[in-house]
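Down below is the structure, laid out as structure tokens.
The values are calculated or read from the model by the stated rules, or taken from the named source; none is laboratory data. What you are looking at is a predicted structure, and each value in this text was computed from that prediction instead of being measured. Methodologically, a virtual Cβ is constructed for each residue, glycine included, from the backbone with ideal geometry; neighbour enumeration extends over all protein chains shown.
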Amino acid sequence: MRAWSAQHIAVCAGATLVAAADADEGPERVVIDSREAGPGDLFFGLVGASDDGGRFAEQALRAGAWGVLTTATHTDASLGRRGVVLSAQDPLRALQRLARAWRRELGAGVIGVTGSTGKTSTKDLLYAVLAPHRRTIASRGNFNTEIGLPLEILGAPAGTEVLVLEMAMRGAGQIAELVWVAEPDVGVIVSIGPVHLELLGSIEAIAAAKAELIAGLAPGATAVIPAGEALLEPHMRDDLEVVTFGEGGDVRLLAADGEHLEIELGDERLELEAPFTQAHLRRNLLAAVAAARALGVVASGRVELELSPGRGQRAQLPDGVLLIDDCYNANPMSMRAALEDLALSAPRDKHPRRVAVLGDMLELGPDERRFHEEIGAAADEADVDVLITVGPLAAAMTDRFDGEAYPVADAEEAASLLPELLAPGDAVLVKASRGVGLEVVCRALEAGVA
């Protein structure tokens, strides 16, 4: 936005230009934390549930910020002697409007990715597939909300050719809001499953919330969806290009020999090298291949996947212990996939015991106990030897688990107990909903302090 004037930014954001100071150029960056504000930055003072960021507008300008945008309460014209001052009734909406304008200015192809599970790994796979061919920006970590997504768009430099944007939601209407901002050319729904049931009430309501991505696509855009997903059928549109992936889909895995994969993509056959064997990652790769093709990029060569933190990274610890760090989040679908992966990743000749540290899965509604019991059965099926459950909900897993089980109250207790149980060569899976905080266990194991 360096070339944009203060007046142009005001128009794009739907804001009032209160004072323009002596700004000859536009800002280099947008920030929402006044402590990060400095020269070249436009600070948005957002109104939160417990605080009003506009209170820090003067502080941001004193730190050298290019300008501030916040409510009229905090936009006294006298601040103009320090920088640009913009006023908006709703600073968050102004942030989103500005991001939408910058997305259009970039002219980049935009891929929106959502799903009950697997959206982050699919976003990472898309980056791995696209980056060798196009100047690609993929959203970071949890920058997938009504605040984070516009910040990622605004952070994309001029010359960006593809934006891969993860879209998260906890309730109805939230995906639609993100789609309004991002205007994706391709919408990917990776999966539909029992997540956020506490708020949405039914799997059909979850599908409808995810399908807001389909509803918001422009005519002629591409929707990439799982093959045979009946829950999405009521939400499909005749004016979209629909591509299905997975078994029986338009994009499917034909053969796998070690890292060598053969993929059918319509009438094409692709050969890729993928340094991962997890079934869910290979399936998500199909979605990524389909979405990339919709933007004219045919995947090729080696897929250099770098997973986001806490999404299944592997670490070799002393005494041959394998740590699978999948602690960022969890739901019944991703728990099952992680347990299947543990079984595949830990053959008995290399890892004599399988240890699972599994915590509460949150927001599952009235059936939460049943879901946890079923994960205990899944751990049994995966031939887990030692199960440590973390939290009051996860304790129900032991009802249907026949192996050695240790229910504990919290992450700190799990981190203290685990070293007493570990033996050389063990494979350890750590997974729970974000609120359980099982990264404490992973960091302690890696530091050798647990």
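A few comments on the model shown:
- Residue-level check: of (1) out of contact with any Gly (no Cβ under 7 Å at 6 or more places or on another chain); (2) not in a loop (DSSP other than H, G, I, E, B), residue 50 misses just (2).
- Selection status of residue 176, in contact with a His (Cβ under 9 Å, 6 or more places away or on another chain), more than 20 Å from residue 308 (Cβ to Cβ), among the small types (Gly, Ala, Ser) and modelled with pLDDT of 95 or more: no
- Hey, residue 217 under 25 Å from residue 293 (Cα atoms) and either surrounded by fewer than 20 Cβ atoms within 10 Å (Cβ to Cβ) or out of contact with any Pro (no Cβ under 6 Å at 6 or more places or on another chain) (or both) or not: yes
- Any hit, the stretch 304-313, residues being surrounded by fewer than 23 Cβ atoms within 10 Å (Cβ to Cβ) and closer than 20 Å to residue 404 by Cα: no
- Test for residue 432: is it small (Gly, Ala, Ser), in contact with a Cys (Cβ under 7 Å, 6 or more places away or on another chain) and closer than 15 Å to residue 372 by Cα: yes
- Any hit, the stretch 406-424, residues being in contact (Cβ under 8 Å) with a residue 40 or more places away in the chain, farther than 27 Å from residue 318 by Cα and surrounded by fewer than 16 Cβ atoms within 10 Å (Cβ to Cβ): no
- Residue in the stretch 285-300 that is β-branched (Val, Ile, Thr), in the same structural domain as residue 421 (by TED's automatic domain parsing) and not in a helix (DSSP H, G or I) present: no
- Complete set of residues in the stretch 6-44 that are of a type in the set (A, V, I, L, M), part of a loop (DSSP other than H, G, I, E, B) and over 15 Å from residue 71 (Cβ atoms): 20, 21, 23, 37
- Qualifying residue in the stretch 44-56 (condition: on the phi < 0 side of the Ramachandran plot, more than 29 Å from the chain's Cα centre (by Cα) and not polar (S, T, N, Q)): yes
- Residue that is assigned by TED's automatic domain parsing to the domain that holds residue 392 and in a helix (DSSP H, G or I), where the choices are 358, 342, 362: 342
- Those residues of the stretch 393-415 which are touching a strand residue (DSSP E or B) at 6+ places or on another chain (Cβ under 9 Å) and not small (Gly, Ala, Ser), in sequence order: 393, 397, 398, 401, 404, 406, 407, 408, 410, 413
- For the stretch 379-422, residues that are in a strand (DSSP E or B), β-branched (Val, Ile, Thr) and under 18 Å from residue 331 (Cα atoms) total 3.
- Residue match in the stretch 241-248 (condition: in the same structural domain as residue 139 (by TED's automatic domain parsing), crowded, with 17+ Cβ neighbours inside 10 Å and among the polar types (S, T, N, Q)): yes
- Residues located in the stretch 293-342, provided they are without any contact (Cβ under 8 Å) to a residue 60 or more places away in the chain and in contact with a helix residue (DSSP H, G or I) (Cβ under 7 Å, 6 or more places away or on another chain): 336
Listed here are the residues, each with its yes/no results for (1) among the β-branched types (Val, Ile, Thr); (2) assigned by TED's automatic domain parsing to the domain that holds residue 191; (3) surrounded by 19 or more Cβ atoms within 10 Å (Cβ to Cβ); (4) under 25 Å from the mean Cα position of the chain (by Cα).
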site: 236; (1), (2), (3), (4): no, yes, no, yes
site: 255; (1), (2), (3), (4): no, yes, no, no
site: 268; (1), (2), (3), (4): no, yes, no, no
site: 277; (1), (2), (3), (4): yes, yes, no, yes
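- Every condition in (1) on the phi > 0 side of the Ramachandran plot; (2) without any contact (Cβ under 8 Å) to a residue 40 or more places away in the chain; (3) touching a helix residue (DSSP H, G or I) at 6+ places or on another chain (Cβ under 8 Å) holds for residue 64 except the one numbered (3).
- Residue 276 meets the conditions (1) touching a strand residue (DSSP E or B) at 6+ places or on another chain (Cβ under 6 Å); (2) among the aromatic types (Phe, Trp, Tyr); (3) within 30 Å of residue 419 (Cβ to Cβ) in every case but one. The failed one is (1).
- Residues within the stretch 426-446 that are buried (at least 24 other Cβ atoms within 10 Å of the Cβ) and basic (Lys, Arg), tallied: 1
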